[in-house]
Amino acid sequence: MKGIVFTEFLDLVEEKFGLEMVDTIISQSELESEGIYTAVGTYKFSEMLQLLQHLSAHTNIEIDDLLLVYAEHFFDVLKQSYPGLLATYKDPINMLASIENHIHVEVRKIYPDAELPTFEVVEKTDNSLVMVYKSSRAMHHFGLGLMNKTFEHFDATATIELEKIKEDGTEVKFLINKN
């Protein structure tokens, strides 16, 4: 998992819960990196999972809800860092439909060893999209948060439903309807 995901997560934890919480979740986790991350480094997903689990335990916030909030923060980071990528699109449905064939291609140019989920477009109309998310990391709520912020970015709203194809969340169908 790319380091930017860790550095931004810890920035968000500090912003929302304070530096003491950052220290607490790092010290309670068994991290090969010892909690020292660089944006361009690569780290094990198990480290993110431990940080999320400890933060959830200390805040009584479900991991899926933490991922949702984190994704909304991360979208803003992407918006500031890569404004040209977002400017390519005029509509949230088209942008989301291009995750696999354009956005992830651009991400791999910057981070060649990034392990990204896949998003298969099953059905697309001007106002709706059905996609299947696949990832061994089961971070579909991170994807949901990014989708929510995509609609917000375009001053649009949508109803987004999740259907777990696999109970462990490694395969999820997103049903997106623009309002």
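Once the stretch 1-20 is narrowed to residues that are over 21 Å from the mean Cα position of the chain (by Cα) and in a helix (DSSP H, G or I), the residue that is surrounded by the fewest Cβ atoms within 10 Å (Cβ to Cβ) is GLU20.
Quick check, is LEU51 under 17 Å from the mean Cα position of the chain (by Cα), within 23 Å of THR150 (Cβ to Cβ) and either among the aliphatic types (A, V, I, L, M) or surrounded by fewer than 16 Cβ atoms within 10 Å (Cβ to Cβ) (or both)? Criteria not met by LEU51. Are any residues in the stretch 36-63 assigned to a loop (DSSP other than H, G, I, E, B) and either in contact (Cβ under 8 Å) with a residue 12 or more places away in the chain or among the charged types (D, E, K, R) (or both), and if so, which ones? TYR37, THR38, ALA39, VAL40, GLY41, TYR43, LYS44, GLU62 - these are the residues of the stretch 36-63 that are assigned to a loop (DSSP other than H, G, I, E, B) and either in contact (Cβ under 8 Å) with a residue 12 or more places away in the chain or among the charged types (D, E, K, R) (or both).
Among the residues of the stretch 136-152 satisfying the criterion of being among the small types (Gly, Ala, Ser) and under 13 Å from LEU162 (Cβ atoms), which is most open to solvent (accessible area, probe 1.4 Å)? Step by step, filter the stretch 136-152, then rank; the result is ALA138.
The set of residues from the stretch 80-130 being surrounded by 15 or more Cβ atoms within 10 Å (Cβ to Cβ), over 18 Å from the mean Cα position of the chain (by Cα) and among the hydroxyl-bearing types (Ser, Thr, Tyr) comprises just one member, TYR89.
Among the listed residues ILE36, ILE63, identify the single one that is at pLDDT 95 or above, open to solvent by 40 Å² or more (accessible area, probe 1.4 Å), more than 18 Å from the chain's Cα centre (by Cα) and β-branched (Val, Ile, Thr). Break it down stepwise before answering.
On the way: ILE63 fails: more than 18 Å from the chain's Cα centre (by Cα).
That would be ILE36, the only listed residue that is at pLDDT 95 or above, open to solvent by 40 Å² or more (accessible area, probe 1.4 Å), more than 18 Å from the chain's Cα centre (by Cα) and β-branched (Val, Ile, Thr).
The values are calculated or read from the model by the stated rules, or taken from the named source; none is laboratory data. No experiment lies behind these values; they were computed from the predicted model shown. Neighbour counts are summed over all protein chains in view; Cβ atoms, including those assigned to glycine, are modelled from backbone coordinates with ideal geometry. Ligands, DNA and RNA are stripped out before the accessible areas are found, and what is left, the full protein with its side chains, is counted by its heavy atoms. Shrake-Rupley method; radii C 1.70, N 1.55, O 1.52, S 1.80 Å.
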